[in-house]
Amino acid sequence: MKRSPKDTAASSRKITRRGLVLGGLQLGFGGILTWRMQQMQVEQADEFRLLAEENRINMRLIAPARGLIFDRNGIPLAENAQNYRIVIVREDAGDVDEVIARLTSLIDIAPDELERSLREMERRSPFVPVTLTDQRSWEDVATVSVNAPALPGITPDVGLTRNYPLDSDYAHVIGYVGPVSDYDLSKIDDDDPLLQIPKFQIGKTGVEAKYERTLRGKAGAKQIEVNAAGRVMRELGRNPGVPGASMQLTIESRLQNFVDARLTLGFSAAAVVMDPRNGDLLAVGNAPTFDPNKFVRGISTADYGALTGNKYRPLSNKAVQGAYPPGSTFKMMVTLAALDSGEIGPEDTVYCPGYTAVGNRRFHCWKRGGHGYVNLEKSLQQSCDVYYYDLAQRVGIDRIAETARRFGLGERFDLPMSAVTGGIMPDKAWKAASYGKSWRVGDSLNAAIGQGYVLSSPLQLAVMTARLSTGTGVMPRLVKAIDGVEMPIEGATPLGFNENHLRIVRKGMHSVSNSRRGTAFRSRIADDSLSMAGKTGTSQVRNITAAERARGVTSNADLPWERRDHALFVGYAPFDNPRVAVSVIVEHGGGGSSAAAPVARDILLFALHGKLPPLESYPERDREEIAEMFASLPLREQFRPTDTRSRA
């Protein structure tokens, strides 16, 4: 049907309007698009350029070199050794099992180490390198490099790992590092991204743990170019970061080695050696000990079981963690409390029949027949228990405890070692708070001879002895300097005790070692210029029944090891110019005079001479035995004397 001119004109107008609308919409959209392109390319160009770079360039952390640790003479104690390791990239290896089989045919890899690495590989992306084995020799690295064509995806690498060149000597002081674990992350409040690096080493015990942040340093970073899948293409730049601070300890390595070697003759023992003039800890010894290098990579189940199953507890730092009844080494505290209160004078006597009766109970002296009449000096010299039972009843536990605390007993010293104990210095308030019971006279008598509730560590006893020898409140110090900056010396100011009273106590301690009736006379120093003042101690670990006492107390030698008394000794030398203080405990060693005093004497002489002491320092009748003992000591070759003529 033919359209009329009128219909054609109307249709033409509609098409024109639609064209205009569509054209306007297209023009508007084009304008908006042009404006947005201008905004993105001109106004936001820098922002999008940065986003593009971040998609192309990644930042990776670089672990800094851990701070080194030295002894007081600059001998390295903890260092960073090159660690040759073999790594694998799973996606480059193809058949992982086949490649690993080829590798193990070339170098030995412990099954448990390989198993840990395979578990780590499963948790990581296929393009992330995973360490198969580390601590390898250069020969192993060369073997892998030569056979590289047959080992796709496997490459040798080098990094740093902790090494302890004097291994067991410092195991309890420095501690050790180990790979950071989920447990570590759960207990430390630290957002340092270094802790997220797989197998990153952190301090687990000792100085390594207490000064972790100081030794760790600050992370470095490297820029790497990656492709769209995140695979590394090349390294664009690096910042190595800031190494950890170096530390110098107060310990002297030659003395430390001698102390540990000497203590091994006592099976399970500990000793602390201290400079009473400034508080420097010169040695902190434990026996038995262990090799901390085994913990650096993760100790094997067999090795760890051997350590934890040892009844002599090699993992325990007995010198600072152990809390023991101090026995008669505590008697100087009771003496000073009595002198300070005016309850007794140096010539006042107490009669010792061999026991003190309180109600229907007898508190016995170690000497069954008693000591007769004893004054202050004789009471220390012969360690009469009855004398101190009498003083305790006169003075009271609160005054005794107050005196003991001023000498460091019952105080937890802030040292960078693990689980430092505060011990127990009880008084009436302590017992009421701890047990809900009132203090009894019998408690005071037990405390007077260092038994009952009183517990002290060898560290605390060394501090007590140092303060007695100088009359100052010197504090123990383990860290000498950090990055060359000397650490402050604390507490070397007078304690405020009457100097005459201190001299009286020191005279009694001198008599212990130098009077023929002194309990440590057999362990005296023959060189008068180096004469020793000290005090023996024997602390019971079992109850002695009335029936046993009536038939005769069983000898320590006839008891199982774990039921024998602990043996203790504290002392300092020279008597008239104290330069070294020492405390020794031999666990279940029997008597302090026979087991602990000889060890303390040898340690003091070594510290004063700086080497194995000349035999002239010993009583003539003991010199042959001492020479044989020195020859048998497991000293390090580097610390053995090269000239023994002075000791012939």
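Every number in this text was worked out from the coordinates using simple rules, so none of it is lab data. All values reported here derive from a predicted model rather than from experimental measurement. For neighbour counting, all protein chains shown are included, and Cβ atoms are generated from backbone atoms with ideal geometry for every residue, glycine included.
Cα axis of helix 253-263 to longest principal axis of the chain: angle in degrees, 0 to 90, nearest 10?
Helix 253-263 and the main axis of the chain meet at about 60 degrees.
As I understand it, the value is the acute angle between the Cα axis of helix 397-406 and the longest principal axis of the Cα atoms of the chain; what does it come to in degrees, rounded to 10?
The two axes meet at around 60 degrees.
So what are the three principal axis dimensions of region 59-248 from its Cα atoms, in whole Å, longest to shortest?
52, 36, 30
What is the fewest-to-most order of 117, 469, 456 by other Cβ atoms lying within 10 Å of their Cβ?
Details: 117 19, 469 26, 456 32.
Ranked by crowding around the Cβ, least crowded first: 117, 469, 456.
For the charge dipole of the chain, defined by +1 on Lys and Arg C-beta atoms and -1 on Asp and Glu C-beta atoms about the Cα centroid, which residue among 386, 580, 358 has the Cα displaced farthest towards the positive pole?
So the residue furthest toward the plus end is 358.
Mind checking the dipole of the chain: about its Cα centre, +1 per Lys or Arg Cβ, -1 per Asp or Glu Cβ, Debye to the nearest 20? All intermediate terms of the calculation are to be shown ahead of the outcome.
Numbers: 81 positive and 75 negative charges, 381 e Å.
Approximately 1840 debye in magnitude.
Give the angle, between 0 and 90 degrees and rounded to the nearest 10, that separates the Cα long axis of helix 597-609 from the longest principal axis of the Cα atoms of the chain.
Roughly 70 degrees between the two axes.
Could you give me the percent of Cα pairs per 20 Å distance bin for the chain, shortest bin first, beginning at zero and ending with the bin that holds the maximum distance?
Calculated P(r), rounded to whole percents: 16, 38, 23, 13, 5, 3, 2, 0.
How do 602, 280 rank when sorted from fewest to most other Cβ atoms within 10 Å of their own Cβ?
Details: 602 26, 280 20.
Least to most surrounded, the residues fall as 280, 602.
Add -39500 (n - 2.57) for each DSSP H run of 4 or more in the chain, then divide by its residues: what number comes out at 222 nm, to the nearest 500 deg cm²/dmol? If you can, show how the numbers build up before the last one.
On the way: 24 runs with 239 residues, N = 648.
Theoretical 222 nm ellipticity from helices: -11000 deg cm²/dmol.
Could you work out the relative contact order of region 59-248, using alpha carbon pairs under 8 angstrom and six or more residues apart, expressed as a whole percent? Can you show the working numbers first?
Numbers: 337 pairs, mean separation 63.1, N = 190.
Over region 59-248, the number comes to 33 percent.
Under 5 Å between amide hydrogens, which residues at least 5 positions from residue 424 or on another chain qualify, with H placed 1.01 Å from N in the peptide plane?
For residue 424, whose amide H was placed from the backbone, the distant partners under 5 Å are 410, 455, 456.
Quick one: compute the contact order of the chain, relative version, from alpha carbon pairs under 8 angstrom and 6+ residues apart, as a percent. The partial results should precede the final answer.
Details: 1272 pairs, mean separation 82.0, N = 648.
It comes to 13 percent, rounded to a whole number.
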